[in-house]
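The values are calculated or read from the model by the stated rules, or taken from the named source; none is laboratory data. Since we're looking at a predicted model, the values are computed, not measured. Every residue, glycine among them, receives a Cβ derived from its backbone with ideal geometry; neighbour counts consider all protein chains shown.
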Amino acid sequence: MVTACPMCMANVDGRQLFRGGSPIPRKPKPEYQPMPIFYFTELMAMAYGRPWGKVLGKHLLDPRPLLKRLDLM
């Protein structure tokens, strides 16, 4: 999912999991898979070749497994 607002990105990203992996506000269904959330400028920075570490540093849910699966890393 890509958002056009940094606050929206933080809200959607943060409401899936805490850093420790605890779900909020309720236990997820067994088939639930958290979804990485991106702010559109992060995708632009990645397209222009910025280092991944500088671009993806603020995520609560790590998007790197998805990016690796899509062969983007």
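Summed over the stretch 42-73, the residues that are aliphatic (A, V, I, L, M) and surrounded by fewer than 10 Cβ atoms within 10 Å (Cβ to Cβ) give a count of 2.
Okay, residues lined up against (1) of a type in the set (Lys, Arg); (2) assigned to a strand (DSSP E or B); (3) under 13 Å from Met9 (Cβ atoms); (4) more than 11 Å from the chain's Cα centre (by Cα):
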| residue | (1), (2), (3), (4) |
| --- | --- |
| Thr41 | no, no, yes, yes |
| Ala45 | no, no, no, yes |
| Arg50 | yes, no, no, yes |
| Gly53 | no, no, no, yes |
| Lys58 | yes, no, yes, no |
| Leu67 | no, no, no, no |
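When the stretch 14-73 is limited to residues that are among the acidic types (Asp, Glu) and within 16 Å of Met1 (Cβ to Cβ), the one that is modelled with the lowest pLDDT turns out to be Asp62.
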